[in-house]
Amino acid sequence: SPCADAVSADPARVLLADIWGFKDFRPGQEAIIRAVLGGEDVLAVMPTGSGKSLCYQLPALMRQGVTLVVSPLIALMRDQVAQLDALGVAAGALNSSIDMDGYRRVMDGLRGGRLKLLYVAPERLARPDTLSLLRDSGVTALAIDEAHCVSQWGHDFRPDYLCLGKVREDLGGVQTVAFTATADAATRDDIAGRLFPAPPRLFIGGFDRPNLRLAMRPKGDTRRRMFEFVAAHTGESGVIYCGSRARTEELAEGLRGAGHRALPYHAGLDKPVRDANQDAFLAEDGLVMVATVAFGMGIDKPDVRFVCHADMPRSIEAYYQEIGRAGRDGLAADTLTFYGLDDVRLHRMRIEESQAGDEQKRVEIQRLNALLALCEAPRCRRQTLLGYFGERTEPCGNCDLCINGVESFDGTIEAQKAMSAMLRTGQRFATEHLINILVGTQTDAITQYGHDKLPTFGVGKDHTRNVWRSIFRQISAGGLISLDIANHGRWLMTEAGRAVLRGQAGVALRSDVLEAAGRGERKDK
Ligand code: ADP
Ligand code: ZN
């Protein structure tokens, strides 16, 4: 039909079918590839396994010259070059593991103008001889893999990545496309600022895993509820993540006592035991692995039907990765996360006592708070979760909040008080200072800025500090304010927040969460 002809005539799709043998683009790929082919600078944030490589490999075949690919892992580079070789695409790599022969082949490919993709390790690019070689080699685009390595907010900062902005300039300001799987708003902005002279086209997508049911609940009667959850999945494979080694062993034993097949897994077990337990989980159906976060790296079992957190994870990134081990086969899978203010205190303490610098500690604390905000979210969890990654969606119908609703009250006045404290101080302050204003606590900073003279000073006396902390998290999870991690954790207003402040919209806050916050405070004292 004419329609089929039009589709098959699209050169990108022809290449997709002829070279890769793929029938169609994955969600997100096509829009990125169109932008890349249109010559735009692009920053794309997509989860691992979503097919980022194709987004620079395919356009590389459609343009003149060489696309330079920066990648931090030699093993990954080797795989990619081998795969491209097998597809008949001329690709090579420059890194410390290349021998003289490999080097000569790359040079020949460059000189003959045959090479389409050249993978280079970032430390190699820091060498002047590499740059002068590349300058004469007709590099027409720069693709940066694992782009979060350029950011100190990311979990994998690599100083060599800092030179990439300059590399781009040295190559004549070539088109640049950057990819990462991990980027909250602060990391994203940081990447964009370091790699691009002007804001790039931003693509964020593919984080939703609609087959995963999301649920979170405050601790309390935890063991009974957890055993109920496991019993509802009897005969299915699942993982229970625990915050400590001792707890994995204790819980596994308890579950066995309740008639389940359950094994512990943590880094303190002897390797033969650890391996045997892991093999059993992979081979058998209906086994519950009770594990620390040491479990799961590189484990690809498609039919894990449930994941439970017996203790609260340390960040949204960790939470997402861990629940993501369920339902890889695309079939329905169930998740349940227990959280408590004791978990939060424990994580805070670990962060404070860690070797990280002050700046990094601050970021880690804010990541922890973001997860707590998700736990306390007043609206669809998936909206809140995906919103954290920068993706917008409708309420999902497959999370505890969509299904059960929440006990909420009209918190418009509270939200307005919090946001007016933000506005009157120029949106330059973080939570604790704003709470000092709201509850009327005189500190040196309050006096110094004259914030005790503000009309908002003391207007929030009717709530405790902990309740206000929860209100800030809730209105942040609700999208009214957003955290500026890169600027000392100050709060900024969003459009939705302004509408509430003007009285054009209301806000529901969760009463259960505020009550729990109040109780937590009494315990603190
Ligand atoms: P990422 O870099 O995002 O982790 P990859 O680029 O390694 O992901 O791709 C993951 C897998 O998906 C690879 O095996 C790749 O061949 C496959 N893949 C990518 N795009 C498509 C597509 N359009 N159709 C089918 N498979 C694809
Ligand atoms: Zn939902």
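The values are calculated or read from the model by the stated rules, or taken from the named source; none is laboratory data. Just so you know, these numbers come straight off a predicted model, no measurement behind them. Cβ coordinates were reconstructed from backbone atoms using ideal geometry, including for glycine residues, and neighbour counts include every protein chain displayed.
Numerical summary
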read-out	value
Where a residue in the range 396-411 is within 11 Å of ligand 2 (Cβ to nearest atom) and its partner, wherever it lies, is among the aliphatic types (A, V, I, L, M), with Cβ under 6 Å and at least six apart	Cys399/Leu214; Asp400/Ala215
Selected residue (only one of Asp145, Asp189, Asp184 is in contact (Cβ under 8 Å) with a residue 60 or more places away in the chain, within 29 Å of the chain's Cα centre (by Cα) and more than 30 Å from Arg490 (Cβ to Cβ))	Asp145
Where a residue in the range 37-52 is at negative phi and its partner, wherever it lies, is exposed (fewer than 14 other Cβ atoms within 10 Å of the Cβ) and in a loop (DSSP other than H, G, I, E, B), with Cβ under 9 Å and at least six apart	Leu37/Met62; Asp41/Pro197; Asp41/Ala198; Asp41/Pro199; Leu43/Pro199; Ser50/Pro27
Within the range 480-520, considering residues that are over 26 Å from the mean Cα position of the chain (by Cα) and assigned to a loop (DSSP other than H, G, I, E, B), the one surrounded by the most Cβ atoms within 10 Å (Cβ to Cβ)	Val507
Hits in the range 363-422 (condition: in a helix (DSSP H, G or I) and acidic (Asp, Glu))	Glu364, Asp400, Glu414
Boolean, Arg124 is surrounded by fewer than 13 Cβ atoms within 10 Å (Cβ to Cβ) and assigned to a helix (DSSP H, G or I)	no
Qualifying strands (runs of 3 or more DSSP E) (wholly inside the range 205-300; at least 2 residues being at pLDDT below 95)	216-218
Tally of residues being over 22 Å from Arg382 (Cα atoms) and touching a strand residue (DSSP E or B) at 6+ places or on another chain (Cβ under 9 Å) across the range 443-483	0
The range 298-313, residues that are over 29 Å from Pro218 (Cβ atoms) and either in contact with a helix residue (DSSP H, G or I) (Cβ under 8 Å, 6 or more places away or on another chain) or without any contact (Cβ under 8 Å) to a residue 40 or more places away in the chain (or both)	Gly298, Ile299, Asp300, Lys301, Pro302
Residue ID - farthest from Ile403 (Cα to Cα), chosen from residues in the range 189-204 that are touching an Asp or Glu at 6+ places or on another chain (Cβ under 6 Å) and either assigned to a helix (DSSP H, G or I) or modelled with pLDDT of 95 or more (or both)	Phe196
Residue selected from the range 368-395 under the condition surrounded by fewer than 22 Cβ atoms within 10 Å (Cβ to Cβ) and charged (D, E, K, R), by the criterion farthest from Gly28 (Cα to Cα)	Arg379
Strands (runs of 3 or more DSSP E) lying entirely in the range 1-97 (those with 2 or more residues that are within 14 Å of ligand 1 (Cβ to nearest atom) and touching a His at 6+ places or on another chain (Cβ under 6 Å))	none
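A quick yes/no check of all residues on (1) without any contact (Cβ under 8 Å) to a residue 60 or more places away in the chain; (2) small (Gly, Ala, Ser); (3) out of contact with any Asp or Glu (no Cβ under 6 Å at 6 or more places or on another chain):
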position: Ala445; (1), (2), (3): yes, yes, yes
position: Phe457; (1), (2), (3): yes, no, yes
position: Lys461; (1), (2), (3): yes, no, yes
position: Arg473; (1), (2), (3): no, no, no
position: Leu483; (1), (2), (3): no, no, yes
position: Asn487; (1), (2), (3): yes, no, yes
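Residue by residue, here is whether (1) hydroxyl-bearing (Ser, Thr, Tyr); (2) within 23 Å of Thr384 (Cα to Cα) holds:
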{"site": "Thr431", "(1), (2)": "yes, yes"}
{"site": "Asp444", "(1), (2)": "no, no"}
{"site": "Phe457", "(1), (2)": "no, no"}
{"site": "Phe472", "(1), (2)": "no, yes"}
{"site": "Ala486", "(1), (2)": "no, yes"}
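For every residue, the table says whether it meets (1) in contact with a Pro (Cβ under 7 Å, 6 or more places away or on another chain); (2) within 16 Å of ligand 2 (Cβ to nearest atom); (3) over 27 Å from Leu131 (Cβ atoms).
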| residue | (1), (2), (3) |
| --- | --- |
| Trp20 | no, no, yes |
| Lys23 | no, no, yes |
| Pro27 | no, no, yes |
| Val36 | yes, no, no |
| Ser53 | no, no, no |
| Leu73 | no, no, no |
| Val81 | no, no, no |
